[in-house]
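Report on the following structure.
The values are calculated or read from the model by the stated rules, or taken from the named source; none is laboratory data. Everything numeric in this text was worked out from a predicted model, so none of it was measured. Positions of Cβ are backbone-derived with ideal geometry, glycine not excepted, and every protein chain shown enters the neighbour counts.
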Amino acid sequence: MVTEKENEQLKKEDIDQFSAICKNIFEQISRDVIGQQKVVEGTVIAMIAGGNVLLEGVPGVGKTRLVRSLGRVFALPFSRIQFTPDLMPADVTGTNIIVKDDKGNSTFSFQPGPIFSNIILADEINRATPKTQSALLEAMQEHTVTVMGTSRKLEEPFFVLATQNPIEQDGTYPLPEAQMDRFMFKLLVPNPSMNELMEIVNMTQKTMAEVADQACNGEQLLSMRRTANQIPVAEDVLRYAMVLTSATHPNSECSTEAAKRYVRVGASPRAGQAMISAAKVLALIKGRYNVAYSDINELAYPVLRHRIKLNFEAIAERVSADDVIKLILDELEKRLKAGGKLTAPKDTKQPEPAARTVAPATEKPEQNEETKNADDQKDSKKEKRGLFGKK
């Protein structure tokens, strides 16, 4: 029988192993990728939490190299799909082909596509047509592939790491909202600094191949995911994350002024799920055993930036999704400091005037002395007109 003390010790060992593996993962990735600490950290967090990642950046900033390096570090089967306008869904999922057996009989045999792997690099995903892009929807959410009415389960762990170029418009198709929502993170890959650029050039002069060693395997990755799921989340922190998600909707009870002004459609419930799952992993990476408000604020940008749809006013004023998220976070912080209430204050309207009631004929309303004197004078004048006016 395992005592409570032994159970706590076992959990501590799991957490210590989690920290050691994460440290080794980051060290190995740094051998292939110079800089980009936030991008690397976000990608590793999403992989441990079981989410998909969309990397957006101009050509040549190392998006594809990062994904290839992750395949080496995690020692998982890796497939690369180069998305082009003529790519068909069957080229991704696979299809049934006719084969003949030894007796000459024709039968259908399923030929798996490149989606049947653990790490999928969807390179330049916005170059394929929407029909081909939608072939990834089921795989990204349910981890299954259905071809000709037959569903096939994908092996765990399964990740889709997609890249897209934001500056090219010719021959590209924006991802549909349903598919964008299935990415846990959208990470923006910036240009390297001058010093990082010098290191990149010096490193690639020696070899263009990845040199990172294995730091984790599939079983260890799944074990790390189970460890992260056991991290507790306080009710107040959980409520804050859900209020933050709801605050992106212009018509919700927690709506903010920024959302009402700039947002057309807010984030879906998947945003709240992704925020909590990723916050548990981030807390462990930072050496904490519980989720903090700072974890939620840090993850708000990669979780929400691709899930909120801006309106025309935001586009006209050149307000980005990150700008809107910052305004929302600032407003929620002011609410917390003001009174600790995260819900939006109700509209303060002037009270409507009460309906005037007519007093009964037998009752006279209260009058002051001046009003009484004026009424007495009017009554006396009426009486005089009535007496002397008669014929």
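Can you confirm whether residue 174 is in contact with a helix residue (DSSP H, G or I) (Cβ under 9 Å, 6 or more places away or on another chain) and loosely packed, with under 13 Cβ neighbours inside 10 Å? Yes: the conditions hold for residue 174.
For the residues 48, 97, the requirement of being farther than 30 Å from residue 202 by Cβ, touching a Cys at 6+ places or on another chain (Cβ under 9 Å) and either basic (Lys, Arg) or assigned by TED's automatic domain parsing to the domain that holds residue 217 (or both) singles out 48. The set of residues from the stretch 284-311 being touching a residue at least 12 places away in the same chain (Cβ under 8 Å) and over 19 Å from residue 186 (Cα atoms) comprises 284, 285, 287, 289, 290, 291, 292, 293, 311.
Polar (S, T, N, Q), in the same structural domain as residue 165 (by TED's automatic domain parsing), surrounded by fewer than 18 Cβ atoms within 10 Å (Cβ to Cβ) and modelled with pLDDT under 85: does that describe residue 3? Answer is yes for this residue.
If you go through the stretch 67-109 and keep only what is under 26 Å from the mean Cα position of the chain (by Cα) and touching a residue at least 60 places away in the same chain (Cβ under 8 Å), you end up with 67, 68, 69, 70, 73, 74, 76. With the condition kept exactly as written, say whether any residue in the stretch 146-165 is aromatic (Phe, Trp, Tyr), part of a strand (DSSP E or B) and either outside the structural domain of residue 67 (by TED's automatic domain parsing) or modelled with pLDDT under 85 (or both). For the stretch 146-165, residues aromatic (Phe, Trp, Tyr), part of a strand (DSSP E or B) and either outside the structural domain of residue 67 (by TED's automatic domain parsing) or modelled with pLDDT under 85 (or both): absent.
Criterion first (in the same structural domain as residue 70 (by TED's automatic domain parsing) and on the phi < 0 side of the Ramachandran plot) does residue 243 satisfy it? Taking the combined requirement at face value, the residue does not satisfy it. For the stretch 187-231, what are the residues that are part of a helix (DSSP H, G or I) and either of a type in the set (Val, Ile, Thr) or touching an Asp or Glu at 6+ places or on another chain (Cβ under 8 Å) (or both)? 200, 201, 204, 218, 222, 223, 227 - these are the residues of the stretch 187-231 that are part of a helix (DSSP H, G or I) and either of a type in the set (Val, Ile, Thr) or touching an Asp or Glu at 6+ places or on another chain (Cβ under 8 Å) (or both). If I filter the stretch 128-142 for residues that are assigned to a loop (DSSP other than H, G, I, E, B), in contact with a Leu (Cβ under 7 Å, 6 or more places away or on another chain) and among the small types (Gly, Ala, Ser), do I get at least one hit? Yes; the residues of the stretch 128-142 include at least one that is assigned to a loop (DSSP other than H, G, I, E, B), in contact with a Leu (Cβ under 7 Å, 6 or more places away or on another chain) and among the small types (Gly, Ala, Ser).
Entry remark, the stretch 183-209: residues being without any contact (Cβ under 8 Å) to a residue 60 or more places away in the chain and under 24 Å from residue 44 (Cβ atoms) number 6 in total. Examine the stretch 166-178 for a residue that is touching a Lys or Arg at 6+ places or on another chain (Cβ under 8 Å) and in a helix (DSSP H, G or I), and state whether such a residue exists. Checked against the condition, which is being touching a Lys or Arg at 6+ places or on another chain (Cβ under 8 Å) and in a helix (DSSP H, G or I), the stretch 166-178 yields at least one hit.
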